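The values are calculated or read from the model by the stated rules, or taken from the named source; none is laboratory data. All figures in this text were calculated on a predicted structure; none of them were measured in a lab. Counting neighbours? That spans all protein chains shown, and the Cβs are built from the backbone with ideal geometry, glycine included.
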Amino acid sequence: MPEPIVQIRELTKSYRHGEIEVTALDQVSLDINDGEFVALMGPSGSGKSTLLHILAGLDRATTGDCFVRGVNVGNLSETELADWRNNHVGFVFQTFNLIPVLTAFENVELPLLLTTLTGAERREHVAAALELVGLGDRARHLPRQMSGGQEQRVAIARALVTDPTLVVADEPTGNLDAHSAHEVLTLLQNLNRQAGKTIILVTHDPKAAAFAQRTIHLEKGQLLNGNGQLL
């Protein structure tokens, strides 16, 4: 059996809104295996994006632990966390977050500018990432010269260029038409099956979740099994 790459234990996240305390995650425990493609589903406010952000090092839990490859992410300092994210997490969001004045190549290269790679090594990594998402011939195109689906594929190439431990995707097809969404989800599925990437997808769409190997449901900050019962 594959070893868990993510181990979440008794994770709780609470926010204060004035006098009211809101619990976004309530004692969540979860393992995700190396090379697994997992979909996190649930209604708005269920805690799925909060869970994704904590395991990706974008947010911190109130209590509990989140281990990624044995590293307790919540115990890292802000500087350590920034370095850890850059080395271990590739982000894909609903909004493509491409810089409009940069080409596809330059957008994908951005995370590598924080590394010690030489210019030649960066070019090699970027070219490989663009080929992987089927956009090797679009390297010199600006975002406005591409379709929404192509822009999202550039964003996926940018997420992959550092060879991250985890690829986390938060509603990556939310701004796409059905055809482009299917292309992007197929790409993520192929990256999981052929390149062995561990992918965690947040979605409200059952059709998108069907591309994953396993679907996890969240309701009011708690994990449910397939029958709607608390885990």
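Counting only residues that are crowded, with 20+ Cβ neighbours inside 10 Å and under 16 Å from Gly148 (Cα atoms), how many does segment 84-107 have?
Residues flagged as crowded, with 20+ Cβ neighbours inside 10 Å and under 16 Å from Gly148 (Cα atoms) within segment 84-107 amount to 5.
Mind listing whichever residues of segment 20-47 are assigned to a loop (DSSP other than H, G, I, E, B) and touching a Pro at 6+ places or on another chain (Cβ under 8 Å)?
Correct list: Asp34, Gly35, Glu36.
Is it the case, given these coordinates, that Ala169 is crowded, with 17+ Cβ neighbours inside 10 Å, of a type in the set (Gly, Ala, Ser) and part of a helix (DSSP H, G or I)?
no
Which of the residues belonging to segment 111-121 are in contact (Cβ under 8 Å) with a residue 12 or more places away in the chain, surrounded by 15 or more Cβ atoms within 10 Å (Cβ to Cβ) and either more than 14 Å from Leu160 (Cβ to Cβ) or among the hydrophobic types (A, V, I, L, M, F, W, C) (or both)?
Leu112
Kindly indicate whether any position in segment 199-212 is in a strand (DSSP E or B), in contact (Cβ under 8 Å) with a residue 60 or more places away in the chain, under 22 Å from His53 (Cβ atoms) and in contact with a Phe, Trp or Tyr (Cβ under 6 Å, 6 or more places away or on another chain).
There is at least one residue in segment 199-212 that is in a strand (DSSP E or B), in contact (Cβ under 8 Å) with a residue 60 or more places away in the chain, under 22 Å from His53 (Cβ atoms) and in contact with a Phe, Trp or Tyr (Cβ under 6 Å, 6 or more places away or on another chain).
Under 9 Å by Cβ, and 6 or more places apart or on different chains, what pairs join a residue from segment 130-145 that is under 15 Å from Asn190 (Cβ atoms) and among the acidic types (Asp, Glu) with one that is modelled with pLDDT of 95 or more and part of a helix (DSSP H, G or I)?
Partner pairs satisfying both residue conditions: Glu131/Ala157.
Considering segment 1-53 alone, what residues qualify as being among the β-branched types (Val, Ile, Thr), out of contact with any Leu (no Cβ under 7 Å at 6 or more places or on another chain) and buried (at least 22 other Cβ atoms within 10 Å of the Cβ)?
Of everything in segment 1-53, just one residue is among the β-branched types (Val, Ile, Thr), out of contact with any Leu (no Cβ under 7 Å at 6 or more places or on another chain) and buried (at least 22 other Cβ atoms within 10 Å of the Cβ), namely Ile32.
Return the only residue of Leu185, Leu176 being assigned to a loop (DSSP other than H, G, I, E, B), of a type outside the set (Gly, Ala, Ser) and either at positive phi or in contact with a helix residue (DSSP H, G or I) (Cβ under 8 Å, 6 or more places away or on another chain) (or both).
Leu176
Within segment 54-66, track down each residue that is under 13 Å from the mean Cα position of the chain (by Cα) and surrounded by fewer than 21 Cβ atoms within 10 Å (Cβ to Cβ).
Leu58
Looking only at segment 170-201, how many residues end up being under 11 Å from Leu40 (Cβ atoms) and at pLDDT below 95?
Residues that pass the stated criteria total 2.
From the residues in segment 125-173 that are of a type in the set (D, E, K, R) and within 19 Å of Lys197 (Cβ to Cβ), which one is farthest from the chain's Cα centre (by Cα)?
Glu131
Within segment 60-99, can you find the residues that are in a loop (DSSP other than H, G, I, E, B), among the aliphatic types (A, V, I, L, M), over 20 Å from Ile156 (Cα atoms) and in contact (Cβ under 8 Å) with a residue 40 or more places away in the chain?
Scanning segment 60-99 gives a single hit, Ala61.
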